[in-house]
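The values are calculated or read from the model by the stated rules, or taken from the named source; none is laboratory data. Model, not experiment: these values are computed from the prediction. Cβ sites come from the backbone with ideal geometry, for glycine too, and all protein chains shown count toward neighbours.
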Amino acid sequence: MYQRLYINIDHVATLRQARRATEPDPVLAATECEHAGADGITAHLREDRRHIQDDDVERLATTVRTVFNLEMACTAEMVSIASRLRPYQVTFVPERREEVTTEGGLDVSRDPKGLRSAIERLASVGVRTSLYIDPDPSMVERSRALGAAAIELHTGRYAHHADDPSALRALEDAARRGRELGLAIHAGHGLTTRNVGPVAAIPEIEELNIGHSIVSRAVFEGIGNAVREMRAVMDVARTRG
């Protein structure tokens, strides 16, 4: 099965916000990624607005020609924004102000009532919801019980310990369990052309979200070439898998 590649453009905005300037424009970057073959665009509107800004998501909502996946914390403010903009998908992620980037999955056992309410509200306006979780069977099962359409498996442990077979096995087991429960399975965090192969080869994973690696390569190769490189590595792994 073809595996979708969504490009996270947050760190294009990180570079812009380093000078509080107007460039590089993450919305233009999204267009370039789509031209290079990206299947979707992901952006994380954080509560502290450290990179992606409200104006960015407003423009992305009307200019993305593939699909727009909006990452956010499950707060009243964010759910209201998503309900108005109606992206194709919202992915709920954990946030801590002191973290450099998202460091782990969402603990969906905390405030299940709030999560379920948010999922239902978004569904009522036609927005599907994914939950960004660690590859833990209990988190997978709780996500299904909450009514999410999809889960995104946090690949951070694998990315930092790719030589540890248990890290990959946890992703494989969680993906298999999620598919058994009828969830769509996504994955992402810390994936590069060097380590993406084994994750891309997991048959249940239908979508990868990759950002920092693409932006890093773009500094040297251009963002279009960076997207095409990643797509090629994924396709090889998918074929062999």
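Table for the structure above
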read-out	value
Number of the exception - VAL227 against (1) part of a helix (DSSP H, G or I); (2) under 18 Å from ALA43 (Cβ atoms); (3) free of Cβ contacts under 8 Å to residues at least 60 places away in the same chain	(3)
Residue in the stretch 45-53 that is surrounded by 15 or more Cβ atoms within 10 Å (Cβ to Cβ), touching a Phe, Trp or Tyr at 6+ places or on another chain (Cβ under 8 Å) and either at negative phi or not aliphatic (A, V, I, L, M) (or both) present	no
Hey, GLY182 in contact (Cβ under 8 Å) with a residue 24 or more places away in the chain, farther than 23 Å from TYR2 by Cβ and over 16 Å from the mean Cα position of the chain (by Cα) or not	no
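Conditions (1) surrounded by 14 or more Cβ atoms within 10 Å (Cβ to Cβ); (2) in a helix (DSSP H, G or I); (3) at pLDDT 95 or above, marked per residue:
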| residue | (1), (2), (3) |
| --- | --- |
| ARG59 | yes, yes, yes |
| GLU98 | no, no, no |
| GLY104 | yes, no, no |
| LYS113 | no, yes, yes |
| ALA118 | yes, yes, yes |
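Matching residues to (1) of a type in the set (Gly, Ala, Ser); (2) under 16 Å from the mean Cα position of the chain (by Cα); (3) part of a loop (DSSP other than H, G, I, E, B):
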residue	(1), (2), (3)
PRO24	no, no, yes
ALA30	yes, yes, no
ALA43	yes, yes, no
HIS51	no, yes, yes
THR62	no, no, no
LEU70	no, yes, no
CYS74	no, yes, yes
VAL79	no, no, no
